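The structure appears below as structure tokens.
The values are calculated or read from the model by the stated rules, or taken from the named source; none is laboratory data. Quick caveat, the model's predicted, so the values are computed rather than measured. Cβ: placed from backbone, ideal geometry, glycine included. Neighbour counts: every protein chain shown. Protein only, heavy atoms only, side chains kept; ligands, DNA and RNA dropped before computing areas. Shrake-Rupley method; radii C 1.70, N 1.55, O 1.52, S 1.80 Å.
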Amino acid sequence: MVKIGILGVGTVGASVANILESNADIIEARAGKKIIVKSGVVQNLSKERGVNITLSDNPLDVVNDPEIDIVVELMGGVDEPYSLVKKALENGKAVVTANKALLAYHRYELQEIAGDIPLMYEASTAGGIPIIGALRTGLSANHIESIQGIMNGTCNYMLTKMINEGALYDAILKESQDLGYAEADPSFDVGGFDASHKLLILASIAYGIDAKPEDILIEGIENITQTDVAFAKEFGYEIKLLGIAKKIGEGVELRVHATMIPKESMIAKVDGVMNAVTVVGDRVGETMYYGPGAGGDATASAVISDIVDIVRGNQGPMLGYKKGLESGLKLLSKDDIITQYYLRLEVSDESGVLAKITSTLGEFGISIESMLQKPSLQKSRAKLLFTTHKTKESKMQEAMKSLSSLTVVYGDIAMMRIEK
Ligand code: HSE
């Protein structure tokens, strides 16, 4: 018999306990051993949790319990779970965590501390989708050429509503929070940080890149307006918040941002709270994984898959390699990203303005692919919308600064990257 202790018996923790109980027969058949939850830890003992397990409010009751074989960490946060996971590993216990923020900052240290003790994290990225297993095991024969994913259900829900129903940003943010997918601080969702944590985890398994959120380009969906949505529709794009990892020569681009993608692409069709990740391997070609990225039972399904793997003895090194993975690959600078861009500017509606804008772009070697002028709500102004051919991020940033300084340009210039 294998005994589990759960740190954090909230929605996911309660689902883990309940599924282990209600699906006990099939899980035992698959794992080869009976698995029971011995105890759990919560902050507030007076709150009803709907589980048949002993609860404590002291995490050390689980971490130091000699009878517990596997500690499941579902607390959230970074510092406290880090010290508890470390302690559990030092006590020789296997650990399963769903904590993406913990891994975004400490995955390499934890791999070191874990050594041969299993530390698994399927639920940390894209909830119920087995993307960690796919990358660690399923695609282990391949050099990974790229990963592109919708890794935040809250943003995808908001964008779907903005695009399909013309919903306004503020109203839809409130609605998406009511769905229960949003992070405690919703700026983690809409600012792209949650997706960046997941992208960093995937990039470690795929490329061995040891980066932190501060090292990569992260933008959210806060500045997207119905004007951008209308432009995207007119030019055949969907708008998605994507986590993107691309191998380019000896480097890897890692970035999270709102992206215009052709509406006929598979990932463009993923709507609502669902997540999807495409991975291109050099031998397998393009593969795609789709499913619920959050929610109690979906996330618990991933947590239990890790428990089953540990009980079967299938674990292997945490990130899927001990050393030498793609050795020499470097994280590319944000400035070196090369892609197509969409720009939205509010300008004076008078003669010579368009020429000024296009010649400024030309000064930075930026070539225009398409252009649209729309009326502005402000009198004597117009909205100019452009897409460009491929250009370097640093050039685009410089051009935007220069455009902003023109007296005929009002307010901030909105920019979105395009991936085809
Ligand atoms: N806030 C996340 C989302 C939950 O919206 O996808 C899963 O990590």
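Looking at the structure I just gave you, is Glu112 free of Cβ contacts under 8 Å to residues at least 12 places away in the same chain, open to solvent by 50 Å² or more (accessible area, probe 1.4 Å) and not assigned by TED's automatic domain parsing to the domain that holds Lys247?
Criteria met by Glu112.
For the stretch 262-280, give me each residue that is surrounded by fewer than 20 Cβ atoms within 10 Å (Cβ to Cβ) and away from the ligand (no atom under 16 Å from the Cβ).
Pro262, Lys263, Glu264, Ser265, Met266, Ala268, Lys269, Thr278, Val280 - these are the residues of the stretch 262-280 that are surrounded by fewer than 20 Cβ atoms within 10 Å (Cβ to Cβ) and away from the ligand (no atom under 16 Å from the Cβ).
With the checklist (1) in a helix (DSSP H, G or I); (2) more than 30 Å from Lys161 (Cα to Cα); (3) modelled with pLDDT under 95; (4) not aliphatic (A, V, I, L, M) in hand, flag the one item Phe231 doesn't pass.
All conditions pass for Phe231, except number (2).
Filter the stretch 24-42 for residues that are in a loop (DSSP other than H, G, I, E, B) and touching a residue at least 60 places away in the same chain (Cβ under 8 Å); which is farthest from Glu80 (Cα to Cα)? Give the derivation first.
Step one: of the stretch 24-42, the residues in a loop (DSSP other than H, G, I, E, B) are 32-34, 42.
Still in the running and touching a residue at least 60 places away in the same chain (Cβ under 8 Å): 32-33.
On the way: Gly32: 33, Lys33: 31 Å.
Among those residues, the one meeting the criterion is Gly32.
Residues checked against (1) over 19 Å from the mean Cα position of the chain (by Cα); (2) touching a residue at least 24 places away in the same chain (Cβ under 8 Å); (3) outside any loop (DSSP other than H, G, I, E, B):
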| site | (1), (2), (3) |
| --- | --- |
| Leu241 | no, yes, yes |
| Thr259 | no, yes, yes |
| Gly272 | no, yes, no |
| Val277 | no, yes, yes |
| Ser305 | yes, yes, yes |
| Val308 | yes, yes, yes |
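Keeping to the stretch 138-197, report how many residues are assigned to a loop (DSSP other than H, G, I, E, B) and within 16 Å of the ligand (Cβ to nearest atom).
Residues of the stretch 138-197 assigned to a loop (DSSP other than H, G, I, E, B): 139-143, 151-152, 166-168, 179-186, 191-192.
If we keep only those that are within 16 Å of the ligand (Cβ to nearest atom) too, we end up with 151-152, 179-186, 191-192.
Adding up the residues that qualify gives 12.
Counting just the residues of the stretch 281-332 that are more than 14 Å from Ser146 (Cα to Cα) and polar (S, T, N, Q), which one comes out nearest to the ligand (Cβ to nearest atom)?
Thr299
Here are some residues: Ala126, Ala104. Which one is crowded, with 22+ Cβ neighbours inside 10 Å and in a helix (DSSP H, G or I)? Walk me through how you get there before you give the answer.
Values: Ala126 fails: in a helix (DSSP H, G or I).
From the options Ala126, Ala104, the qualifying one is Ala104.
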